[in-house]
Each structure stands twice: as C-alpha cells, then as structure tokens.
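Visitor: Got a structure for you, questions after.
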Amino acid sequence: MLKILLANKFYYRRGGDCIYTINLEQLLKRQGHEVAVFAMQYPENLPSEWSKYFLDEVKFSSGLGMIKAFLRPFGTREVRKKFNALLDDFQPDVVHLNNIHSQLSPVIAKIAYERGIKVVWTLHDYKLLCPRYDCRRNDREMCERCFTDKRQVLKNKCMKNSLFASVIACLEALKWSKEKLERYAGDFICPSRFIHDKMIQGGFHPDKLHIIHNFIDVDKTKTDRYEKDDYYCYVGRISMEKGVETLIRAASELPYNLKIIGDGDLADSLSKRYPCKHIEFLGYKPWPEIKEITGKARFTAVPSEWYENNPLSIVESQCLGTPVLGANIGGIPELIEEGINGFLFESGNSGDLKNAIEKMYQTGFDSAVIRQKAQARYSATHYYDRLIPIYHIP
C-alpha cells in the first residue's frame, strides 16, 4: 500500500478538479492506501485532519491581500514551510498534483522532487501551456500563441483585460517554465486525447503523458427509474465560454422544453433577454435533483465554446443513460459516438445547433446501452487499474 498526498487549491465540490480530487481521495482510501490532502483554507472546505497544513486563503483585494495574491504563485515562505511540514509528518510515496497554480504554487512540485518523492500531475485545464488556462483571447477567440511565447498573455492583456493580472500570469509562466515543470513531475495524467496532443504541441515529452479519462462514482447514477420526459437540459456554469447563450438562441427558435441547471455571471442577463416559456432557468441544484432531471431528460446539451477537457456533465449524463448533444471542440468528441450516445455540432454555430437539436429529437437512442457502456468506461475500478501503474513507474 502507498502513502499518497493529493494537492488541489480547493477542498470542496467547487468544480471538476475539486470533485475529481475528493473522489480520488475516497477511491484510494477504499483500496487501502493512506491519503493526505494539501489545499487552501476556505469556508466551504470539507473537514480534514490535514487542514492545519492548509495555506491561508488568498483574497484578491486591495492592500496586503493584493500583495499576497501577487506573491503566492511564486512560492512564498508560508507555502514552503507548511508543505515541508506536511511532507515531514506524512512521508508520502507519491505527491499527486491537481489544480495548484496561483493559490498553491508549483513550488510544491519542486519541493517534492528535490526530496526524491514521485510527482504525478493530473491536467484539468491548459495552465501549463496557456497562462490564462483556457486558451481564449478576448473571451471569445481560441488562441494558442502562448504555447511558444508566454509573453503573449501580457501583450494581449488576456487576464481579465487587466495589465496587472496579466503581468502576474506572465511572470508565473516564465518562473515555472516547461523545462522546470517537466523535470519536477514524473508523469502527467491527461483526461483526454485532446489535451495530450496539445501538451505535445507545447513541447512536453510524450513519454511523460498518460491518457486516462476521468471517473465518477457510478453507483450514484444508478436508479430504478430510467423513463424519459419531454425536455432536454443543460447542466453547468452559465458563462460565455460554456456556450449557453448559443444554446438559448437556438432553443428559443424551437418548440422543445429546455431546463437549465446551474448558475454563473450570465444567468440573470440571459433569463431576461430570452423570456421564453419553454426555457426554464432552475439555478443551482444539488446532485439528487441533477440526477432526477438529467436522468429523465431526452438528452443533455454541452454547447461549449472553449477547449473542454473531459466534462463531468457528459460522463454523468451517459452513466444515467441520457444521450448527449455536444459541441465539436476539445475533448468532447472523444466521449460521443454519433448515433449511439449522442451527436456533435459545430461549436458556436447556433444554426447547426438548432438542426442538431431537431436531429436528437428524431433519433431513437437505447438508454440501457448508453448507461451500461458508460458505467463500465467511467467506473472507479477501471480508473484505479490504470492509475496505480503510473504511481509505481520509477
């Protein structure tokens, strides 16, 4: 059995990276391994016996808070002291990094490496290639210029259109160069073929990259009721890069009922701009309600307009036996067998999306087949069997 230290900036179910980290902790413990956690102090965090080692919360406010936010990405004294103390106490065989930039800092990879500890890094976004993390410029245009020149983030003020924020992102990327990160991390786990290929495009060595699609607790998707109602749904953040406005624009021209689950910066404005009776904004929902709504939907729509990696919303939908209509971008196409568990459409094209929605309604899908294949593909057991050899690779 191994002693594994998991690091992620947040330790609650905030987003895909956090859910993955928490699920992985539970999986490893079930398999008999000892697991510790390193994160940032945050009000919503789950209880943890390791919280005394967690870093102070970073607040992007004026005064000392802004100074701390500026210094943290480069590895402050607090980061080094607390992480070294945790390593001394726990003595891990493996340090498994997740989303650590900005609030934790890649300095923890350096510290573990220098102490002879195996470092594994799961890539939840494109931060190692793009200082902004999502390969988007001006909030709309996909961009890969920083793959070869990190100073482009400064030139284009990619971070919130702010020179100050872009300076921090640029300096962070230059400080933690590809050469350093590749030296410190023994292996990188890529949840999609797409991000694997982008990492190679960005100069990372193929031998260090391992493709393993994310997993979920498939037991939570099991139910005695699999019948479908007459609506389709969207589950996720309501923001520009998620393509929700494109979806609503197409949906407003069709007679079918759409349920939108989630919250975000565009929620209020979109609900006011598209006051359609057959488009329902449900807001945030806990998993039991998501399960009920998604499980009964004719299909779910994933209209993303950025390089999605391995969306949990698709995995969960398919495990519930619900087909997916996905944008043909990023890692989404790897999860969809057209005509079997869904269809694809051109990302950002509301006309093509409108036609695809019609096509989804006209196609008969075998819910049982979708469910059975997905639950086998995304099971924790399947993931664990592929992960453990990576932990043991010298």
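Here is a yes/no grid of residues against (1) outside the structural domain of Arg13 (by TED's automatic domain parsing); (2) without any contact (Cβ under 8 Å) to a residue 24 or more places away in the chain; (3) among the small types (Gly, Ala, Ser):
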site: Lys285; (1), (2), (3): yes, no, no
site: Lys291; (1), (2), (3): yes, no, no
site: Ser304; (1), (2), (3): yes, no, yes
site: Lys359; (1), (2), (3): yes, yes, no
site: Thr363; (1), (2), (3): yes, no, no
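Visitor: Could you please find all residues in segment 274-289 being hydrophobic (A, V, I, L, M, F, W, C) and at pLDDT 95 or above?
Guide: Taking segment 274-289 first, the residues hydrophobic (A, V, I, L, M, F, W, C) are 276, 279, 281-282, 287.
Listed by number, the residues that qualify are Ile279, Phe281, Leu282.
Visitor: Restricting attention to segment 21-48, which residues are touching a strand residue (DSSP E or B) at 6+ places or on another chain (Cβ under 8 Å) and either assigned to a loop (DSSP other than H, G, I, E, B) or modelled with pLDDT under 95 (or both)? First the steps, then the outcome.
Guide: Applying the first criterion (touching a strand residue (DSSP E or B) at 6+ places or on another chain (Cβ under 8 Å)) to segment 21-48 yields 21, 24-25, 28-29, 33-41, 48.
Correct list: His33, Ala39, Gln41, Ser48.
Visitor: Of all residues in segment 100-127, which are over 19 Å from the mean Cα position of the chain (by Cα) and in contact (Cβ under 8 Å) with a residue 12 or more places away in the chain? Steps first, please.
Guide: Filtering segment 100-127 down to residues over 19 Å from the mean Cα position of the chain (by Cα) leaves 107-119.
Matches in segment 100-127: Val107, Ile108, Ala109, Lys110, Ile111, Ala112, Tyr113, Arg115, Ile117, Lys118, Val119.
Visitor: Answer yes or no: is there a residue in segment 223-240 that is more than 22 Å from the chain's Cα centre (by Cα) and small (Gly, Ala, Ser).
Guide: No, that holds for no residue.
Visitor: Okay, moving on. Conditions: (1) touching a helix residue (DSSP H, G or I) at 6+ places or on another chain (Cβ under 6 Å); (2) under 27 Å from Leu87 (Cα atoms); (3) surrounded by fewer than 21 Cβ atoms within 10 Å (Cβ to Cβ). Pro206 meets all but one. Number of the miss?
Guide: (2)
Visitor: When segment 133-150 is examined, which residues are found to be modelled with pLDDT of 90 or more and either assigned by TED's automatic domain parsing to the domain that holds Glu241 or assigned to a loop (DSSP other than H, G, I, E, B) (or both)?
Guide: Selection gives Tyr133, Asp134, Cys135, Cys143, Glu144, Thr148, Asp149, Lys150.
Visitor: Quick check on my filter: what residues within segment 128-147 are over 16 Å from Gly203 (Cα atoms) and free of Cβ contacts under 8 Å to residues at least 24 places away in the same chain?
Guide: Across segment 128-147, the qualifying residues are Arg137, Asn138, Glu141, Cys143.
Visitor: Name the pairs: first residue in segment 9-22 and in the same structural domain as Gln103 (by TED's automatic domain parsing), second residue small (Gly, Ala, Ser), Cβ to Cβ under 6 Å, at least 6 apart or on different chains?
Guide: Qualifying pairs under 6 Å: Tyr11/Ala39.
Visitor: Going through Ala327, Ala380 one at a time, which residue ends up being surrounded by 24 or more Cβ atoms within 10 Å (Cβ to Cβ), touching a residue at least 24 places away in the same chain (Cβ under 8 Å) and either out of contact with any Leu (no Cβ under 6 Å at 6 or more places or on another chain) or of a type in the set (A, V, I, L, M) (or both)?
Guide: It is Ala327.
Visitor: Filter segment 296-308 down to the residues that are buried (at least 23 other Cβ atoms within 10 Å of the Cβ), not aliphatic (A, V, I, L, M) and not in a loop (DSSP other than H, G, I, E, B) and list them by number.
Guide: Answer for segment 296-308, where residues must be buried (at least 23 other Cβ atoms within 10 Å of the Cβ), not aliphatic (A, V, I, L, M) and not in a loop (DSSP other than H, G, I, E, B): just Thr300.
Visitor: Follow-up. For segment 216-237: of the residues being buried (at least 21 other Cβ atoms within 10 Å of the Cβ) and modelled with pLDDT of 95 or more, which is farthest from Cys18 (Cα to Cα)?
Guide: Tyr232
Visitor: Looking only at segment 68-88, how many residues end up being farther than 23 Å from Tyr126 by Cα and either without any contact (Cβ under 8 Å) to a residue 12 or more places away in the chain or outside the structural domain of Lys110 (by TED's automatic domain parsing) (or both)?
Guide: Residues that pass the stated criteria total 3.
The values are calculated or read from the model by the stated rules, or taken from the named source; none is laboratory data. This structure is a prediction, so every number in the text was calculated from the model and none was measured. With ideal geometry, Cβ positions are generated from the backbone for all residues, glycine too; neighbour counts draw on all protein chains shown.
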